[in-house]
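Contents: one structure, followed by commentary.
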Amino acid sequence: MNPFELFKNAGAIKEQSEKLQQELLDIRAEGSSGGKMVTVTLNGKFEMQDIKLDPICVDNRDVKMLEDLIVAAHKNACDNVQEAIKEKSSSLLGGIDLSKFGL
C-alpha cells in the first residue's frame with residue numbers, strides 16, 4: 001500500500017479507528033491453564049472480566065501453584081485478545097502487517 005494513500009484517507013481511517021476502539025469492548029477472549037483449572041476472560045482492552053477456579057486447585061497448602069496458574073491463564077487470555085484484535089483490525093488497516101510495528 002502506498003503510504004501517501006494513508007494520508008489521503010486519514011479522516012476515514014480516524015473514523016474507523018474510533019469504531020474499532022468501541023468494538024474492542026465487545027471482544028471477549030478466554031485463557032486457561034492447568035487443564036482449565038483456571039480460566040480468565042478478558043475484553044479487547046485487556047481488562048479482566050471474569051475468573052473461574054476449579055475447586056480442586058483451591059488448596060491453602062499450595063497457594064503458589066494457584067498464583068502460577070492464574071498468571072499463566074492471564075497470559076494465555078492476553079495472547080487470545082491480541083489475535084482477536086488482529087483479526088478485527090485487518091479489514092480496517094487494509095492488510096498492513098501490524099507485527100512490523102511491534103503489535
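Tabulated values for the structure
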read-out	value
In region 28-40, residue nearest to M65 (Cα to Cα) [restricted to those that are within 12 Å of the chain's Cα centre (by Cα) and surrounded by fewer than 18 Cβ atoms within 10 Å (Cβ to Cβ)]	E30
In region 42-60, residue farthest from K88 (Cα to Cα) [restricted to those that are charged (D, E, K, R) and modelled with pLDDT of 90 or more]	D54
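The values are calculated or read from the model by the stated rules, or taken from the named source; none is laboratory data. Note that the structure is predicted; figures quoted are calculated from it, not measured. Reconstructed Cβ throughout: ideal geometry from the backbone, glycine too, with neighbour counts over all protein chains shown.
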